[in-house]
Amino acid sequence: MSQHATAMPPATEMHQEPSYLAVSNVTKRFGAATVLDSLSLSVGRAEFVSLLGPSGCGKTTLLRLIAGLLAPDQGAIEVGGRDLTRVAAHKRNIGVVFQNYALFPHLTVAENIAYGLRAKGVPKAEQAKKVGDALGLVRMEAFADRAVTALSGGQQQRIAVARAVVVEPSLLLLDEPFSALDRKLRETMQIELRHILRNLGITSIFVTHDQDEALVMSDRIAVMNEGRIEHLGTPSEVYARPKSLYTMEFVGQSSRMGGVVKGSSEGLVEIDTPFGLVRAPGHFMSGSRVIVGVRPEAIAAGEGPAGEYNTVRGTVAEVIYFGSRTLLHFQTAQDGDRLHVELNRLPDQVAPGSAMTLRWRIDDSRVFPAPTETGR
Amino acid sequence: MTLARDNLTMPAAPVSRWQFDAKALIAAPGLVFMALAFAVPVLMLVGDSFVDSEGLSLAGYRKVLGDPYYIGIIGNSLQLACITTAVCLAIGYPAAWALARIRGVWQVILFALIFLPLTVSIVVKTFGLTIMMRRDGIINFLLVNLGFIERPMRLVFTEFSLYFGMVNVFLPFMILPLYSVMRMLDPRLLDASASLGAGPLHTFLRVTLPLTMPGVIAGGTLVFSISVAAYVTPGLLVGDRFMTMSQVMAKAYLNIRDFQLGASMAVIMLVISAALILASSYLVRAPGGEKR
Amino acid sequence: MALFGSLFCRIVLGLVIAFLFMPILIVLTVSFSSSAVFAFPPPGFSLRWYASLGNADSMLQAVWLSSQIAALSTAISLVLGTLCAIAITRGMIPGAKAVATFMASPLMLPGLVLGIAFLQAARDFGLRDTYTTLLIAHVVITMPFIMRTVLASLSLFDFAMVDAARMLGRSYPAALWTVLVPNILPGFVSGGLFAFIASFDNYPVSIFLVDVRTKTLPIQLLNQVEMSPDPTVAAISALLILGTIVALIVCDRLVGLKRMASI
Ligand SMILES: Nc1ncnc2c1ncn2[C@@H]1O[C@H](COP(=O)(O)OP(=O)(O)OP(=O)(O)O)[C@@H](O)[C@H]1O
Ligand SMILES: [Mg+2]
């Protein structure tokens, strides 16, 4: 269960490429509230980047700023080397797929798709061809003359995508495009959309609440929190090597143990936690308060070789059976500390109250400074 | 059109502090127009009522409120509005009730029949009324043939014809608000009351009437406020025999050119309408009205 | 007992409808009468009063003037009112609710008071032209009807569509025109119809603003009724009623009467 840390894909090449979309030090305030705080983001050509974050963290605001539907208080936005900060929304050539699609109910499917082409003054014959191609792309050829109100959610979704990409935008923005679909359809659409966009080679920014969706679809994920980007990285970087406690806890399940650093050597720190002594890669001053995080699937039952593994003992608080796997919760005296362990096979005779020995690779442990709780 | 708000579209309302947005300028032409063409004239009119040839004065109000003649006229207007409203309510309530209880196409048809007269010019309807009121008109024709009276009698320029006409013209304004409230009423509530052993009168007074009170208030306010200001219908049906505030205002401006008198009368009418609107919005907000 | 109550209500409703239609039907009947006096029942049938309309110049002029004023004022209100309603709905201006109330308030004021206010203001501002004065006053009269229906339509409109249109290359005004306007057309039709009727029928405001040569139809009609009532007046009234019914049917086809009637 420890492949995550070791089997890191070589995902760094995109960072070196000159950025295609460059959002630099953008600040946006609504009245007294600073919604985006000097935020920067750069995205490579043809890259698919997800913005992932809790409700109200400013994802939509960032998207609207890039689209030109809002103006930033400070900062600049460039696409393909062109400064768009002062360019009107309708001249930016940026495509948007809206959450509820915002299809035009007074137009047919084909007219919806042709709308942007007409606005750009594309000749009629060419319009018809492009509309046909776009319908083919989303496999909706048979629906050209339907009223958009007579389509299912998934079909409307496809038309919204076709309408946005048919004008060959320089950038595609998608704001929670799947949130109105049920889970099953959502999963098909994720794969399908990813496929279409990859074929077209369109640079895309995708907003989502759903971490699984972000992990499945993205080249890179930007984890946002309170108007800032906490971590920008590939899905595996974000999942397996989160840069902050926030990212670790927001993306996926995690165990967390509070503790005090006892000492450090050779890039490893030794931490005293309620579950016992734990070692992890990192540099911290002795005596600092830290939090150790581990992914549940990185933990296994039984002892491991001391040089490579952390081994602790705990009392099982809860056993949650999922069929293919089982989740164990371990309790401690301290609030907030929790150890989640995901096991493929349940060891015999484990029940709440029984004591267990657990191990995980030292490399799989992440250490973060404990959030300062001063003034209490 | 979907009711659900798109995520990319920001919520409009809960903005804590307003930020200027250049798009707000689209409101400017309409607002400026209404400020200049509506608010300014009305405010000037109020101002005029306090001014005479020598400057600031209350002479207009002294004239109106100190003269039993004008007081009587204000009384006439209020009496006209009160009686019209009361009669409209008495007739409109059961009619609206029947309209709200009928289902299917009939409801649409009957609704259209109540609604249609509203779209016919008041002048035309009042003209029709004056024809009906003639000695050889349909009212006398009916009264004689049904045996109520021996010989045709004079109806034009009587108070009877005034109230008959006022109710005729303004009744739909009572029925429609009543109807829209009654339509929402759950008939099971009445059944429940009946099944608990309440008599029809008791059910009406304790259940139906309180529940339809918002409609009564809305319809009553509407009918009162338009009939207190009515001009065409009283003018044609009784003329100078029953002077109202409207008649005085029109005369002050169009005939005797006493602008301060007209302006003072207008402001008094404005105050009556405003008071009525405020009172009704207060009553609607306090459901159950008089009980509180 | 309950049955008796409901029967009673139905009878009242039937009588009410008969009562409401009486003056209208009388006017229609009289317009087809062969006699110049309004005797009931009419002595015979004729179309002579319709034929004589061709000579009623002042009446026809009044119809033409009222049509112009009603159409123009409705059109101006539609444009100004819709723009304002958009700003109100989108929270672009502070005190949106108060602004909406203000824009709809002329409907709540007594017509004569408004008329007097316009008369005085036109004098004070030196506005001499009757036509212009009438037009401005009628924009104020029609505005509340537009505001009410357009605000109601906009509350159901998804403004993301406007953003979508902008992102597809239309400027903000073009986006409003190509996306918002077609989608709130029912509101425009019903608001416009009522605004038109309100202007076309207006008496109490216009009476203070007309002059001898420029008279709107209600003023001219009432003059005629007071001075020399003959069935010509009935004939023109009958045509007006017919026109109204045609307009209502057309609008019903367009948007549905039930929806329009939600006063
Ligand atoms: N027009 C506005 N006026 C004032 N505050 C606003 C406005 N638009 C957004 N905000 C505030 O900005 C913050 C960020 O909003 P935003 O819509 O960008 O969040 P989000 O990350 O998209 O959230 P969600 O996941 O719920 O869509 C929120 O606190 C919101 O209340
Ligand atoms: Mg959002």
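A few remarks follow.
- Among all residues of the range A:195-202, there is none that is within 16 Å of ligand 1 (Cβ to nearest atom) and either of a type in the set (Val, Ile, Thr) or surrounded by fewer than 17 Cβ atoms within 10 Å (Cβ to Cβ) (or both).
- Selection from the range C:85-119 of residues that are touching a Pro at 6+ places or on another chain (Cβ under 8 Å) and buried (at least 22 other Cβ atoms within 10 Å of the Cβ): C:103, C:106, C:110, C:111, C:112, C:114, C:115, C:117, C:118
- Qualifying residue in the range B:45-53 (condition: at pLDDT below 75, open to solvent by 50 Å² or more (accessible area, probe 1.4 Å), away from every other protein chain (no Cβ under 13 Å) and out of contact with any Pro (no Cβ under 9 Å at 6 or more places or on another chain)): yes
- Considering residues of the range A:174-194 that are under 22 Å from residue A:55 (Cα atoms), crowded, with 17+ Cβ neighbours inside 10 Å and more than 14 Å from chain B (Cβ to nearest Cβ) only, the residue farthest from ligand 1 (Cβ to nearest atom): A:190
- Looking across the range A:85-104, the residues that are within 9 Å of chain C (Cβ to nearest Cβ) and either part of a helix (DSSP H, G or I) or surrounded by fewer than 17 Cβ atoms within 10 Å (Cβ to Cβ) (or both) come down to A:88, A:89, A:90, A:91.
- The residues of the range A:170-189 that are acidic (Asp, Glu) and within 16 Å of ligand 2 (Cβ to nearest atom), listed by number, are A:175, A:176.
- Hey, residue A:129 at negative phi and touching a residue at least 24 places away in the same chain (Cβ under 8 Å) or not: no
- For residue A:107, the criteria (1) under 18 Å from residue C:171 (Cα atoms); (2) open to solvent by 30 Å² or more (accessible area, probe 1.4 Å) hold in every case but one, which is (1).
- Hey, residue B:67 at pLDDT below 85 and facing chain C (nearest Cβ under 7 Å) or not: no
- One residue stands out among those in the range A:51-78 that are part of a loop (DSSP other than H, G, I, E, B), within 13 Å of chain C (Cβ to nearest Cβ) and on the phi < 0 side of the Ramachandran plot: the one that is surrounded by the most Cβ atoms within 10 Å (Cβ to Cβ), which is A:69.
- The range A:112-144, subset among the β-branched types (Val, Ile, Thr) and outside any loop (DSSP other than H, G, I, E, B), residue farthest from the chain's Cα centre (by Cα): A:131
- The conditions of being out of contact with any Cys (no Cβ under 8 Å at 6 or more places or on another chain), over 26 Å from residue B:32 (Cβ atoms) and either assigned to a helix (DSSP H, G or I) or more than 12 Å from chain B (Cβ to nearest Cβ) (or both) are not met by residue C:173.
- Residue B:61 fulfils the conditions (1) more than 7 Å from chain C (Cβ to nearest Cβ); (2) surrounded by 14 or more Cβ atoms within 10 Å (Cβ to Cβ); (3) modelled with pLDDT of 85 or more except for a single criterion, (3).
- Any hit, the range A:30-38, residues being under 22 Å from the mean Cα position of the chain (by Cα), more than 9 Å from ligand 1 (Cβ to nearest atom) and within 14 Å of chain B (Cβ to nearest Cβ): no
- Sole exception among (1) more than 12 Å from chain B (Cβ to nearest Cβ); (2) surrounded by 24 or more Cβ atoms within 10 Å (Cβ to Cβ); (3) within 17 Å of residue C:62 (Cβ to Cβ) for residue C:202, by number: (1)
- The condition of being farther than 13 Å from residue C:151 by Cβ and surrounded by fewer than 16 Cβ atoms within 10 Å (Cβ to Cβ) holds for only one of C:79, C:63, that being C:79.
- Failed criterion for residue A:171 (all others in (1) more than 14 Å from every other protein chain (Cβ to nearest Cβ); (2) surrounded by fewer than 23 Cβ atoms within 10 Å (Cβ to Cβ); (3) more than 16 Å from ligand 1 (Cβ to nearest atom) hold): (1)
- Each residue in the range B:82-114 was checked for being surrounded by fewer than 20 Cβ atoms within 10 Å (Cβ to Cβ) and among the aromatic types (Phe, Trp, Tyr), and 1 of them qualify.
- Of the residues making up the range B:130-160, those that are more than 12 Å from every other protein chain (Cβ to nearest Cβ) and part of a loop (DSSP other than H, G, I, E, B) are B:146, B:147, B:148, B:149, B:150, B:151, B:153, B:154, B:155, B:157, B:158.
- Qualifying residue in the range C:157-169 (condition: more than 30 Å from residue C:208 (Cα to Cα) and open to solvent by 40 Å² or more (accessible area, probe 1.4 Å)): no
- Looking at A:117, A:84, A:107, A:70, just one residue is aliphatic (A, V, I, L, M), within 16 Å of ligand 1 (Cβ to nearest atom) and touching a residue at least 12 places away in the same chain (Cβ under 8 Å), and that residue is A:70.
- Restricted to helices (runs of 4 or more DSSP H) entirely inside the range C:1-94, those with at least 2 residues that are away from chain B (no Cβ under 12 Å) and touching a residue at least 24 places away in the same chain (Cβ under 8 Å) are C:48-52, C:57-89.
- Scanning the range A:237-274 for residues that are surrounded by fewer than 17 Cβ atoms within 10 Å (Cβ to Cβ) and small (Gly, Ala, Ser), we see that the one that is farthest from residue A:310 (Cα to Cα) is A:244.
- Between C:209, C:222, the distinction of being more than 10 Å from chain B (Cβ to nearest Cβ) and at pLDDT below 90 belongs to C:209 only.
- Helices (runs of 4 or more DSSP H) enclosed by the range B:181-292 - at least 2 residues per element that are open to solvent by less than 40 Å² (accessible area, probe 1.4 Å) and at pLDDT 80 or above: B:209-228, B:232-237, B:245-254, B:259-285
- Long-range neighbours under 7 Å by Cβ, at least six apart or interchain, first residue free of Cβ contacts under 8 Å to residues at least 40 places away in the same chain within the range B:76-99, second surrounded by 22 or more Cβ atoms within 10 Å (Cβ to Cβ): B:98/C:13
The values are calculated or read from the model by the stated rules, or taken from the named source; none is laboratory data. Values in this document were obtained by computation on a predicted structure and should not be read as measured data. Because the Cβ atoms are built from the backbone with ideal geometry, glycine has one as well, and the counts that use them run over all protein chains shown. Heavy atoms of the whole protein, side chains included, go into the accessibility calculation; ligands, DNA and RNA do not. Shrake-Rupley method; radii C 1.70, N 1.55, O 1.52, S 1.80 Å.
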